[in-house]
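The values are calculated or read from the model by the stated rules, or taken from the named source; none is laboratory data. The structure presented is a predicted model; accordingly, all values stated were derived computationally and were not measured. Note that we place each Cβ from the backbone using ideal geometry, even for glycine, and neighbour counts take in every protein chain shown. These area figures cover heavy atoms from the full protein model, side chains too; ligands, DNA and RNA do not enter into them. Shrake-Rupley method; radii C 1.70, N 1.55, O 1.52, S 1.80 Å.
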Amino acid sequence: MRKSLIRPLVEGLAPYVPGEQLTAKGLIRLNTNENPYSPAPAVLEKIKEAVDGRLRRYPNPGADGLREKLAALHGCKKENILVGNGSDEVLELAIRAFVEPAGKDIEAGERSGSTVQYFWPSYSLYPVLADSAGALRNPVPLLPDFGIASAERLKSEGKWDFEAALSFVTTPNAPTGRGYKTADLEKLCAVQRGVILLDEAYAEFAEENAMELALEMPHVLVARTFSKAYSLCFQRVGYVIGSEELIGALHKIRGSYNVNGLGQVAAEATLENLEYYQKNFERVKNTRSEMRLWFAMHGFLTYPSQANFVFVKPPLLSAQEWYQRLREEKILVRWWADEEVKDYLRISIGSEEEMQRFCEVAENILMNHSNTSEKNGI
Ligand SMILES: Cc1ncc(COP(=O)(O)O)c(C=O)c1O
């Protein structure tokens, strides 16, 4: 009898921890970077229309209609695109396609071929995906202001592996919100010999994006999602663009019907209503600017954000205490215990009303703390 029915690798895995998905009445959820605005009415209509006898049928296996529309949008061929069950699936497929699992006795010269590399802090799913594929991880620290070091500096510091089988670069970065310049990313891509996947989950809220690199460089992929900018988290649709060679490899290993039918309907309808979303991007960006001012005026350290969230170091109380106080007032934000980020909160940009409520609650927390400190003679 085997000791356990489960592979040792899986037994030892620490799973990804998503933001809490609570649905209590009156709760304000600023913890999962969801879009505060509903999908376009025409998109909702198309989804409703599709809920009929067709549900008994399998969806288009390759999401061909959606890929054709995406190809027209990005100026490439449908063979340059793979659609996934959210961009999370795309990230997982990339590891399976490009990274060799690391055996126990892996030789020094083979390590790069088994390495998943990323800057840190960034998306906390990367290490989980690397571990579950039996790959080696190489998290490389960001600069103290959460910027990325230049390719020359990365070379001289020696931590970044220019041969790594797969490198994820989150741009704009999560959870910090910092955007990176396409020119800088291009310099890094130019000297990188393994595959680089630029994870652009928040690109629509940014000043620039690096899609051109995926269309020009055969080892560069750009992943996007309909979750954030297009208010479709519920439907799970993401995609990746790159050379036919890399995209073809991903298609070989994807599930036969990996993108659900209603998701395909919703995403196609979204692409027919882009103007509606453009307005939402502007609303989110305006609220983001207002919040940045508010944070600065109330003693929160902030970084310029290019995403639909802000990363702040709160004053007076620890970030964990802020997280708890806000939670008691039914406002959820994201806090992580990891050393590099434990002093910060990541706060998604909600609707104007939600952020108004956030400001009221936060002002009360600040005032109560000042009153208690005064009473205690601090
Ligand atoms: C950086 C980053 N990439 C990818 C994703 C995954 O998005 P989805 O699987 O919903 O497309 C997220 C979600 O939070 C993210 O923050």
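Using a simple charge model, +1 on the beta-carbon of Lys and Arg, -1 on the beta-carbon of Asp and Glu, nothing else, what dipole does the chain show about its Cα centre, in debye to the nearest 20? Kindly include the intermediate steps, with their values, before the conclusion.
Values: 44 positive and 51 negative charges, 173 e Å.
The calculation lands at about 840 debye.
Of all aspartates and glutamates in the structure, the ones whose alpha carbon falls short of 15 Å from that of residue 155, not counting any fewer than 8 places away in one chain, are 163, 184.
Given their separation in residues at 0.36 nm each and the Cα-Cα distance between them, residue 107 and residue 27 gain 23.6 nm when the chain is fully extended. Packing here is the average count of other Cβ atoms within 10 Å per residue, and on that basis the peptides 161-174, 119-132, highest first, run 161-174, 119-132. Using C-alpha pairs below 8 Å separated by at least 6 residues, the relative contact order for the chain is 22 percent. Helical content of the chain, expressed as a calculated mean residue ellipticity at 222 nm, amounts to -12000 deg cm²/dmol (DSSP H runs of 4 or more residues, -39,500 (n - 2.57) each, divided by residue number, nearest 500). Close amide H partners of residue 225, meaning residues 5 or more places away or on another chain with modelled amide H under 5 Å apart, are 239. Between residue 252 and residue 11, the modelled label-to-label distance comes to 3.3 nm, taking each label 7 Å out from Cα in the direction of the beta carbon.
Rounded to the nearest 0.05, what FRET efficiency is calculated for residue 153 and residue 186 with R0 set to 22 Å and r the Cβ-Cβ distance? Efficiency for this residue pair is about 0.85.
Computed extension length for residue 373-residue 342: 8.8 nm, one decimal, from 0.36 nm per residue of separation with the Cα-Cα distance subtracted. Packing, as the average of other Cβ atoms within 10 Å across residues, places the peptides 3-11, 294-302, 267-275 in the order 267-275, 294-302, 3-11, highest first. A 1.4 Å probe run over the protein chains yields, for the chain, 49 Å² of accessible area per residue, whole-number rounding. Taking the accessible area of the chain, probe 1.4 Å, and keeping the other protein chains in place, the carbon and sulfur fraction comes to 51%. Kindly identify the chain as rounded, prolate or oblate by the Cα gyration tensor criterion: order the square roots of the eigenvalues as a ≥ b ≥ c, call it rounded if a/c is under 1.5, otherwise compare a/b with b/c, prolate if a/b is larger, else oblate. Because a/c hits 1.5 or more and a/b fails to exceed b/c, the chain counts as oblate.
Hey, what did region 240-378 get for relative contact order, percent, Cα under 8 Å, at least 6 apart?
Value for region 240-378: 17 percent.
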